[in-house]
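So the structure is just underneath, and the comments pick up after that.
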Amino acid sequence: MEQAGVQLLLGAKSLVVVGWLALMLGLERLKPATPWKQGADGFSQPRHVFHNLSFWGLNALLSPLLVLPVTLAAAAHAIPWRPADWPLWAMVPLDIILLDLWIYGWHRLNHEWPFLWRFHQVHHFDEQLDSTTALRFHFGEVLLSALARSPVILLLDIPFVSVIAFEILVLVGSIFHHSNISLPRRFESALSRVMITPAIHWVHHHARQRDTDSNYGTILSVWDRLFASRSRRRRSPDMTIGIEGRAENRLLPLLLMPFRSDRSVAGRL
Ligand SMILES: [Zn+2]
């Protein structure tokens, strides 16, 4: 793909994501589902937002150096088996469904393989959820995710435009399902038949391992039903968010956590 085309797609992605984030941040403050609970260790809302935006900022700095080249190389060297006359309007939605299935499996693996959990747990240490939690990922996880996605792009001949369309939907969906927005129950219930909503995803952040090990979907809710990983638990306002029996709210230890040698870091609960 031409450099100008790549820049155009990335610009569109930034615009959509920043606009959506601003909207969700406003709505969840106007109509929050749960009030902010001051942590016993003084964990405050500004600190939580600062931490999550720090992870996002670091990823935004490092991604053009590592993640973007990996993705561009995979798309450029994909096995060219797709007929040239396949229309983009049909290919992009199909690619999004395939990549959503891939990210379901990848997210599940992040919980089941201790090496990947070292990185993914940083996301789960957030003790309260809002839109900014969707941006809180350790750079190691972002890079490993791009590397793990490359063979899928190569083998399925997925064009770069589909990858960016998918990334936009992942971020839009993720900001939405982490958000603290109070939605009308019937509306959310209807939406959850198709999409991952806050009611589904907050259960994944419940500090009970049985629930953390469920509800792995990102965009579509069908995969958890299909692969029997949907939790029966309903989200409740007093649900404890985080990791069962563990807490870490300091930025530097969170950044260094995947590289620590003690076994509790990699161990499951
Ligand atoms: Zn998770």
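Results, tabulated for the structure shown:
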item: Qualifying position, being crowded, with 18+ Cβ neighbours inside 10 Å, closer than 27 Å to Leu58 by Cβ, within 12 Å of the ligand (Cβ to nearest atom) and free of Cβ contacts under 8 Å to residues at least 24 places away in the same chain, among His123, His177; result: His123
item: Filter result (without any contact (Cβ under 8 Å) to a residue 24 or more places away in the chain and under 13 Å from Leu156 (Cβ atoms)) within the range 86-101; result: Trp86, Leu94
item: Residue within the range 16-23 that is among the aliphatic types (A, V, I, L, M) and more than 23 Å from the chain's Cα centre (by Cα) present; result: no
item: Number of the exception - Gln45 against (1) over 18 Å from the mean Cα position of the chain (by Cα); (2) without any contact (Cβ under 8 Å) to a residue 60 or more places away in the chain; result: (2)
item: Pick from the range 94-116, criterion within 13 Å of the ligand (Cβ to nearest atom) and of a type in the set (A, V, I, L, M, F, W, C), ranking: farthest from Ser162 (Cα to Cα); result: Trp113
item: Of all residues making up the range 1-16, the number that are open to solvent by 100 Å² or more (accessible area, probe 1.4 Å) and either under 19 Å from Ile175 (Cβ atoms) or at pLDDT below 85 (or both); result: 4
item: Residue within the range 157-168 that is crowded, with 17+ Cβ neighbours inside 10 Å and within 16 Å of the ligand (Cβ to nearest atom) present; result: no
item: All positions within the range 205-239 that are more than 12 Å from the ligand (Cβ to nearest atom), over 24 Å from Leu171 (Cβ atoms) and open to solvent by less than 80 Å² (accessible area, probe 1.4 Å); result: Ala207, Ser236, Met239
item: One residue from Pro35, Pro69, Pro93 being modelled with pLDDT of 95 or more and surrounded by fewer than 18 Cβ atoms within 10 Å (Cβ to Cβ); result: Pro93
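The values are calculated or read from the model by the stated rules, or taken from the named source; none is laboratory data. In this text, all values refer to a predicted model and were calculated from it rather than measured experimentally. Positions of Cβ are generated from backbone atoms using ideal geometry, with glycine treated the same way; all protein chains shown enter the neighbour counts. Keep in mind that these areas ignore ligands, DNA and RNA; they rest on the heavy atoms of the full protein, side chains included. Shrake-Rupley method; radii C 1.70, N 1.55, O 1.52, S 1.80 Å.
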